[in-house]
Amino acid sequence: LPQNLSQTPVLRELLKEAKMSGTAVKIESPELSMEPQLIKLDQPGPLTLAMYQFLTEMQETKKGVVTPKELFAQVCKKAIRFKGYQQQDSHELLRYLLDGMRAEE
């Protein structure tokens, strides 16, 4: 799941912009023929910051192994059901992650 998200350029760019409070982001989608939208971002919350830090570390690390410890801790704060080490559905985790980040907006 994190590897897939790290290969989503739009998400990486938005998170890069979102880490700076008061930033305005222009969203364009020529494929959808929609008008460009300018969105002013508030101070990012802890889950959003953890996601940004994790994706940045995945892109920049030379170690080859990256542990999503802080990101996982922030997800568990939003959805306690993921706490522990039992097997979980990745689609459900993605939904909680993205919903949690959206709730911090």
Just to be sure, is V25 open to solvent by less than 50 Å² (accessible area, probe 1.4 Å), touching a helix residue (DSSP H, G or I) at 6+ places or on another chain (Cβ under 7 Å) and modelled with pLDDT under 75?
yes
Being open to solvent by 40 Å² or more (accessible area, probe 1.4 Å), closer than 18 Å to E17 by Cα, at pLDDT 85 or above and not small (G, A, S) narrows it down to one residue among E105, E57; which is it?
E57
Filter segment 65-82 down to residues that are outside any loop (DSSP other than H, G, I, E, B) and aliphatic (A, V, I, L, M) and give me whichever is surrounded by the fewest Cβ atoms within 10 Å (Cβ to Cβ).
I80
Please specify each residue of segment 33-50 satisfying the condition of being in contact with a helix residue (DSSP H, G or I) (Cβ under 6 Å, 6 or more places away or on another chain) and of a type in the set (V, I, T).
T48
What residue, among those in segment 40-50 that are open to solvent by 70 Å² or more (accessible area, probe 1.4 Å) and closer than 16 Å to L14 by Cβ, is modelled with the highest pLDDT?
Q43
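The values are calculated or read from the model by the stated rules, or taken from the named source; none is laboratory data. A quick note: this is a predicted structure, and the numbers were derived from the prediction, not measured. A quick note on method: Cβ atoms are made from the backbone with ideal geometry, for glycine too, and the neighbour counts reach across all protein chains shown. SASA here: full protein model, heavy atoms, side chains in, ligands and nucleic acids out. Shrake-Rupley method; radii C 1.70, N 1.55, O 1.52, S 1.80 Å.
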